[in-house]
Amino acid sequence: MSKQDKLDNYNPSGVGLDNGHIFGLPFEFEDAEIIILPVPWELTTSFGGGTSQGPQAILNASPQLDLYHLDYPDAWKQGIYMLDISKEILQLNNRWQAKANELILLQEKGKTVQDLKAELQQINEVCDEMRKWVFEQCTTLMNRGKKVVLLGGDHSTPLGYIQALAQKHESFGILQIDAHADLRVAYEGFAYSHASVMYNALASEAVSALVQVGIRDICQEEVDYIKSDSRVRSYFDGRIKQRLYEGITLKEQWQSVISDLPEKVYVSFDIDGLDPKLCPNTGTPVPGGLEFQEATELLRMLKESGKQIIGCDLNEVGNNDWDANVGARMLYQLCCII
């Protein structure tokens, strides 16, 4: 059946189909302009667990979503398809997760990174396997003309995608929605920690700007880094709220965020950037944060600004029905704007 036949025969107002496809859509890989790449990974998670199961939880919840979007009513017609969750990557994560957790606990009891150097190197090599796999997957998909939305897993997962984009685009910026700055250097000795992903991304000269929104849990090391690198602009959640109380509208603040971004933009969305009532089972929830509509309004304004959105990721969704419900809806928002 051709893509047009599928469009003609599919009822977007009907019952969500339990057909194993994201959002219950009828598309296959060849029909789809947008490919969702699931990465079931949480090897360096330093608090709550379960985000490696986030892609499956979102897939399970996604047919409950109504496809009509007020701003982009026909967005689903692009064709959206989620690849199978890699058993190899999930098995690699599961094989090494207990060891990584052990190393974190040893540090919390006083062991130093130097004490654990050899064992940490093992974990770093395993994480690098995941990074290379993501790089290769994204490169292949983009070479086939697909738009890619990466679905983690923890926030370490999109580094390979960002590096693949750096091979394709001479210069681009990152819009990061997150509770954390993720600018630590090899946090807990893990070179590819979820808390180091933006530090690692900024190693690429192609990343000309990093604009962070919703940050509210940050260490002195990261504050010093932000001050030292002119590419980084952080809109702290507390400051966003203070300006609202002073009468500066969210629209004005989002206009400032968007003006700080270059013409090409990659969107990296950590679900803990939202108020944790919306994502209580994310790996590292933090009080405060954005409401769902505050975040989607930023995405809408970014799209309407005319800037080119070259890629997206969604990460840190917990393995829970409510978190998956919210995550599926944010995933669809990202598919709409890309």
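The values are calculated or read from the model by the stated rules, or taken from the named source; none is laboratory data. All values derive from a computational prediction rather than experimental measurement. Using ideal geometry, Cβ is built from the backbone for each residue, glycine included, and neighbour counts are taken over all protein chains shown.
Those residues that are assigned to a helix (DSSP H, G or I) and without any contact (Cβ under 8 Å) to a residue 60 or more places away in the chain, I need them from segment 133-149; list them, please. Walk me through it before giving the result.
Restricting attention to segment 133-149, the residues satisfying the condition of being assigned to a helix (DSSP H, G or I) are 133-143.
Answer for segment 133-149, where residues must be assigned to a helix (DSSP H, G or I) and without any contact (Cβ under 8 Å) to a residue 60 or more places away in the chain: Trp133, Phe135, Glu136, Thr139, Thr140, Met142, Asn143.
Residue under question is Ala328, and the condition is that it be surrounded by 21 or more Cβ atoms within 10 Å (Cβ to Cβ), among the hydrophobic types (A, V, I, L, M, F, W, C) and touching a helix residue (DSSP H, G or I) at 6+ places or on another chain (Cβ under 6 Å); does it hold?
Details: surrounded by 21 or more Cβ atoms within 10 Å (Cβ to Cβ): yes; among the hydrophobic types (A, V, I, L, M, F, W, C): yes; touching a helix residue (DSSP H, G or I) at 6+ places or on another chain (Cβ under 6 Å): yes.
Against the criterion (surrounded by 21 or more Cβ atoms within 10 Å (Cβ to Cβ), among the hydrophobic types (A, V, I, L, M, F, W, C) and touching a helix residue (DSSP H, G or I) at 6+ places or on another chain (Cβ under 6 Å)), Ala328 qualifies.
Just need a number here: residues in segment 305-338 that are in a loop (DSSP other than H, G, I, E, B), under 18 Å from Lys77 (Cα atoms) and among the polar types (S, T, N, Q).
Residues of segment 305-338 in a loop (DSSP other than H, G, I, E, B): 305-307, 316-320, 338.
The next check asks that each one be under 18 Å from Lys77 (Cα atoms); those that pass are 338.
Right, trim to among the polar types (S, T, N, Q) and you get none.
Total meeting the criteria: 0.
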| field | helices (runs of 4 or more DSSP H) lying entirely in segment 216-268 (those with 2 or more residues that are within 22 Å of Pro158 (Cβ to Cβ) and either in contact with a strand residue (DSSP E or B) (Cβ under 9 Å, 6 or more places away or on another chain) or of a type in the set (S, T, N, Q) (or both)) | value | 220-228, 250-259
| said: Restricting to segment 177-195, count the residues that are in a loop (DSSP other than H, G, I, E, B) and either farther than 13 Å from Val286 by Cβ or of a type in the set (Asp, Glu) (or both). | reply: 10
| Per-region count, segment 20-56, residues under 21 Å from Asp321 (Cβ atoms), among the β-branched types (Val, Ile, Thr) and not in a strand (DSSP E or B) | 3
| Matching residues in segment 279-310 - criterion: being buried (at least 19 other Cβ atoms within 10 Å of the Cβ), of a type outside the set (A, V, I, L, M, F, W, C) and touching a strand residue (DSSP E or B) at 6+ places or on another chain (Cβ under 6 Å) | Gly289
| query | Name the residues in segment 288-331 that are without any contact (Cβ under 8 Å) to a residue 60 or more places away in the chain and not charged (D, E, K, R), would you? | reply | Phe292, Gln293, Thr296, Leu299, Met301, Ser305, Gly306, Gln308, Ile309, Trp322, Val326
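In a loop (DSSP other than H, G, I, E, B), at pLDDT below 95 and surrounded by 22 or more Cβ atoms within 10 Å (Cβ to Cβ) - does that describe any residue in segment 270-278? Outline the logic, then answer.
From segment 270-278, those in a loop (DSSP other than H, G, I, E, B) are 275-278; that's our starting set.
In the following step, the residues that additionally are at pLDDT below 95 were identified as none.
Within segment 270-278, none of the residues are in a loop (DSSP other than H, G, I, E, B), at pLDDT below 95 and surrounded by 22 or more Cβ atoms within 10 Å (Cβ to Cβ).
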